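Shown next, in structure tokens, is the structure this report addresses.
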Amino acid sequence: MANNIAFTPMGKTYKLNAAVTVQQVTLYSDSPSNQYMLVNHENANTGLPVYVRISASATSNVGIPTNATPNYAIVVPQDTRMVISGPQVTNTAPVYVTFVSESGTPEAYIVPGEGL
């Protein structure tokens with residue numbers, strides 16, 4: 001359940017090294033949670049967005065939306081921190097995070113937790 005409090009990490013931080021091909025990490029948390037802090041610290045002048053999808057299924061991949069073609073992705077713009085809600089993650093039930101970039105190799109980070 002989402003909490004109206006400051007974000008509290010409830011697991012380890014995972015580094016997402018994006019590329020033009022879809023990458024995947026399996027994410028666990030120390031305590032059940034269903035919110036995730038996403039950070040793309042790439043410089044706003046030279047950085048790139050990272051496209052992310054969080055799913056309970058290992059076979060659900062992110063896709064980059066294009067003109068008139070929607071896809072499953074949360075866009076994390078460069079130099080951005082955001083908290084999103086998603087499927088619940090625990091220490092025994094992971095979620096699968098897929099991510100991709102249009103070009104280059106931007107770095108982003110994700111941590112499970114609760115709060116804003």
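The values are calculated or read from the model by the stated rules, or taken from the named source; none is laboratory data. It should be emphasised that the depicted structure is a prediction, and the values quoted were computed from it without experimental measurement. All Cβ positions, even for glycine, are placed from backbone atoms using ideal geometry, and neighbour counts span all protein chains on display.
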Exercise. Being under 24 Å from N4 (Cα atoms) and not in a strand (DSSP E or B), is that true of even one residue in region 34-44?
Worked result: no
Exercise. When region 71-114 is examined, which residues are found to be surrounded by fewer than 15 Cβ atoms within 10 Å (Cβ to Cβ) and among the small types (G, A, S)?
Worked result: S85, A93, S103, G104
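Condition check ((1) among the β-branched types (V, I, T); (2) in contact with a helix residue (DSSP H, G or I) (Cβ under 8 Å, 6 or more places away or on another chain); (3) at pLDDT 95 or above; (4) at positive phi) across all residues:
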residue	(1), (2), (3), (4)
T21	yes, no, yes, no
Q24	no, no, yes, no
V39	yes, no, yes, no
A44	no, no, no, no
Q78	no, no, no, no
V97	yes, no, yes, no
E107	no, no, no, no
Exercise. Looking at region 34-47, which of its residues are buried (at least 20 other Cβ atoms within 10 Å of the Cβ), more than 26 Å from A93 (Cβ to Cβ) and out of contact with any Leu (no Cβ under 7 Å at 6 or more places or on another chain)?
Worked result: N40
Seminar exercise, completed: Restricting attention to region 20-33, the residues that are of a type outside the set (A, V, I, L, M), surrounded by fewer than 18 Cβ atoms within 10 Å (Cβ to Cβ) and not in a strand (DSSP E or B) number exactly 5
Exercise. Restricting the search to region 2-19, which residues are within 15 Å of the chain's Cα centre (by Cα), at pLDDT 95 or above and in a strand (DSSP E or B)?
Worked result: P9, Y14, K15, L16
Problem set entry | Long-range neighbours under 6 Å by Cβ, at least six apart or interchain, first residue among the small types (G, A, S) within region 94-105, second assigned to a strand (DSSP E or B) | S101/V50
For this session: Go through (1) free of Cβ contacts under 8 Å to residues at least 40 places away in the same chain; (2) closer than 19 Å to T105 by Cα one by one and return the number of the condition P70 breaks.
Result: (2)
